[in-house]
Amino acid sequence: DRAGFIVNALLFPYLNDAVKTVAGHYATSDDVDTAMKAACGLPMGPFRLLDLIGLDVSLAIERTLYNEFREPGFAPSPLLEHLVTAGRLGRKTGKGFRDYT
């Protein structure tokens, strides 16, 4: 028993790294989603998945992982924190990394 179990411990650092890639202006969220679908054969990219899970839920899981392990790479991206503070929680609010209205 540990924070994040197997799936969350692997998935959420990946999602957080995707957000950091966009925040660093290395690619757009659409570019990252397209690349991960094409190169890795995933059914959806990280930003569609984040919007589906809910940015608030994702942020809470990332905070839990960071608080448990204190690894700098687990620290939630400030961009994710900003979007949650702004009420952009994903599909459930109509806006997240994409606009669903």
- Item | Subset of the range 90-101 [touching a strand residue (DSSP E or B) at 6+ places or on another chain (Cβ under 8 Å) and free of Cβ contacts under 8 Å to residues at least 40 places away in the same chain] | Thr101
- Item | Only listed residue being more than 14 Å from the chain's Cα centre (by Cα), on the phi < 0 side of the Ramachandran plot and open to solvent by 80 Å² or more (accessible area, probe 1.4 Å), chosen from Thr93, Thr101 | Thr101
- Query: Where in the range 1-86 are the helices (runs of 4 or more DSSP H), entirely inside, with at least 2 residues that are open to solvent by 30 Å² or more (accessible area, probe 1.4 Å) and touching a residue at least 60 places away in the same chain (Cβ under 8 Å)?
  - Reply: 55-69
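The values are calculated or read from the model by the stated rules, or taken from the named source; none is laboratory data. Predicted model only: the values in this text are computed from it and were never measured. When we count neighbours, we look across all protein chains shown, and the Cβ atoms used for this are built from the backbone with ideal geometry, even at glycine. Accessible surface areas use protein heavy atoms only, side chains included; no ligands, DNA or RNA. Shrake-Rupley method; radii C 1.70, N 1.55, O 1.52, S 1.80 Å.
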